[in-house]
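Read through the structure below, which is laid out as structure tokens, and then see the notes.
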Amino acid sequence: MEYRDKAYWQAQAKELTIEHRLFIAGEYQEARGGESFTRINPATEQRLAEVSRAQAADVDAAVAVARLSFESGVWSEAGPSHRKAVLLRLAELMDEHREELALLETLD
């Protein structure tokens, strides 16, 4: 990985957009209760984002969708070669976005 100096990372942080909604059933959505909480950069004590606060109903909805997905067999009955291909693609995407992921983790 190429060396990036402090100025580079600070510029990247200023341009960063952080998704605040919950991701359920393949879509971003606001928390049912409409509540949020503030994520703070511990190094600067500055606000990073307001993030949707999941309530029990949001968790129940996510679990229900996950259960339907599992029971459909799309993943639970998939063969090893398909699972391997999906996981390798996930690894590729993580590698492609490694700088963004590192920045998000560092700021949080």
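The values are calculated or read from the model by the stated rules, or taken from the named source; none is laboratory data. These numbers come from a predicted model, not from an experiment. We place every Cβ from the backbone using ideal geometry, glycine too, and count neighbours over all the protein chains shown. Just so you know, the surface numbers come from the protein's heavy atoms only, side chains and all, with ligands and any DNA or RNA stripped out. Shrake-Rupley method; radii C 1.70, N 1.55, O 1.52, S 1.80 Å.
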statement: Rounded to the nearest 0.05, FRET efficiency between GLU96 and ALA11 (Cβ-Cβ, R0 22 Å) equals 0.65
message: Shape verdict for the chain, please, from the Cα gyration tensor: rounded (a/c under 1.5), prolate (a/b greater than b/c) or oblate.
response: oblate
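Per DSSP H run of at least 4 residues, take -39500 (n - 2.57); add these up for the chain, divide by its residues and hand me the 222 nm value, nearest 500 deg cm²/dmol.
Estimated from H runs of four or more residues: -16000 deg cm²/dmol.
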- line: Dipole check, the range 38-108, charges on Cβ (K,R +1; D,E -1), about Cα centroid: among HIS82, LEU93, LEU107 the Cα furthest to the positive pole belongs to HIS82
- request: Give the peptides 22-35, 69-82 in descending order of average Cβ contacts within 10 Å, highest first.
  value: 22-35, 69-82
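Enter the accessible area per residue of the chain (Å², integer; probe 1.4 Å; all protein chains in place). List each step's numbers first, then the result.
Details: 8440 Å² over 108 residues.
For the chain, the solvent-accessible area averages 78 Å² per residue.
Rounding to the nearest 20 debye, state how big the charge dipole of the range 38-108 is about its Cα centre with +1 on each Lys and Arg Cβ and -1 on each Asp and Glu Cβ.
On the way: 8 positive and 13 negative charges, 41 e Å.
Here the range 38-108 has a charge dipole of around 200 debye.
On the accessible surface of the chain, probed at 1.4 Å, how many percent belong to carbon and sulfur atoms? Walk me through the intermediate numbers first.
Values: 4610 of 8440 Å².
About 55 percent, which is the carbon plus sulfur part of the accessible surface.
Please give the contour-minus-distance gain from GLU50 to GLU2: 0.36 nm per residue of separation, less the Cα-Cα distance, rounded to one decimal in nm. Write down the numbers at each step before the final one.
On the way: separation 48, 0.36 × 48 = 17.28 nm, distance 3.16 nm.
That works out to 14.1 nm of additional length.
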